[in-house]
Amino acid sequence: MGFNTSWIFVDRIDQESLYGALDLVATDTIPDQSDLGTSHVSLAGAALTSGWCAVFAKYALAMDLTVGTEPPRLTRLPAQSRCMTCVVLEHAMASYASLWHEARLVWEIRHDGGDHLEASGDLPQDFARIRDIALNKQRGSSRGISGIDYLFDVPLDTAATITKYRHNRVTEPSFFTNLRTLEPANGNVLTKLSRPPKWWQTLRSIEYK
């Protein structure tokens, strides 16, 4: 089935404050890091040696946790914090990455399969290089060389230059500190189907169970 997962990385914040802002609470269960954001571990959090605190979620739940409610939970984060959000929906061959600061969208990159690639905002310096390499490979693929969707990796590789994390790459166990499963705090509803629904809610990503 592939990966259908998402994650939020926030800097200049501690775990308790991050979970509180997103209506989450940590449990005593320590998950296997290979199960983060899967049906086995649909919500988990950790502090990272790269300096970020993270929440890992199934499907695009990370988007609902931050910007899918009104007002967005994203606005609860400290003004000085940066928030990196990534989504991987391999069932739809969609990928996404964005950076927020002071509850303002700094940049975002989105791929919806095929030759589609949207990018806007004050993009990282590495983006153009990553995009150009992928485009060259994609053009070769369209001529029948491999048939691989290279543009799918552009949002994720761009985000990884900042967070040092990729969901499908081996990560040293020491990268995660205080890794725990998470659950909604005090019965809070974490999901919200917008009217009209947002793009990630039209790609079966709303099926979090």
> For q = 0.13 Å⁻¹, what log10 I(q)/I(0) does the chain give under the Debye formula with an equal point scatterer on each alpha carbon and no solvent?
Replying inline: -0.69
>> Rounded to the nearest 5, what % of DSSP beta bridges with both residues in the chain are antiparallel?
In response: 100 percent
>> Using only Cα atoms and rounding to the nearest 10 degrees, what angle (0 to 90) does helix 126-142 make with the longest principal axis of the chain?
In response: 50 degrees
> If you average the sequence gap of Cα pairs under 8 Å that are 6 or more apart and divide by the length of the stretch 4-202, what percent do you get for the contact order?
Replying inline: 27 percent
> Along the charge dipole of the chain, which of Gly45, Ser174, Tyr59 sits closest to the positive end, that is, farthest toward it, with unit charges on the beta carbon of Lys, Arg, Asp and Glu (+1, +1, -1, -1)?
Replying inline: Tyr59
> If one takes the longest principal axis of the Cα atoms in the chain, at what angle in degrees, from 0 to 90 and to the nearest 10, does the Cα axis of helix 154-163 lie?
Replying inline: 50 degrees
> Over the stretch 95-141, what per residue volume does the convex hull of the Cα atoms give, in whole Å³?
Replying inline: 65 Å³
>> On alpha carbon coordinates alone, what is the Rg over Rh value for the stretch 1-53, Rh being the Kirkwood radius?
In response: 0.96
>> Lysine pairs in the chain with Cα distance under 19 Å, only those 8 or more apart or on different chains: how many are there?
In response: 5
> Each residue of the stretch 176-192 in order: what ³J(HN,Hα) in whole Hz does its phi give by Karplus 6.51 cos²θ - 1.76 cosθ + 1.60, θ = phi - 60°, with x for Gly and Pro?
Replying inline: 9, 10, 6, 5, 9, 6, 10, 8, x, 8, 6, x, 4, 8, 8, 9, 8
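Bear in mind these aren't lab numbers, they're just calculated from the coordinates by the rules spelled out. Only a predicted model underlies this, so the values are computations on that prediction, with no experimental measurement involved. Cβ: placed from backbone, ideal geometry, glycine included. Neighbour counts: every protein chain shown.
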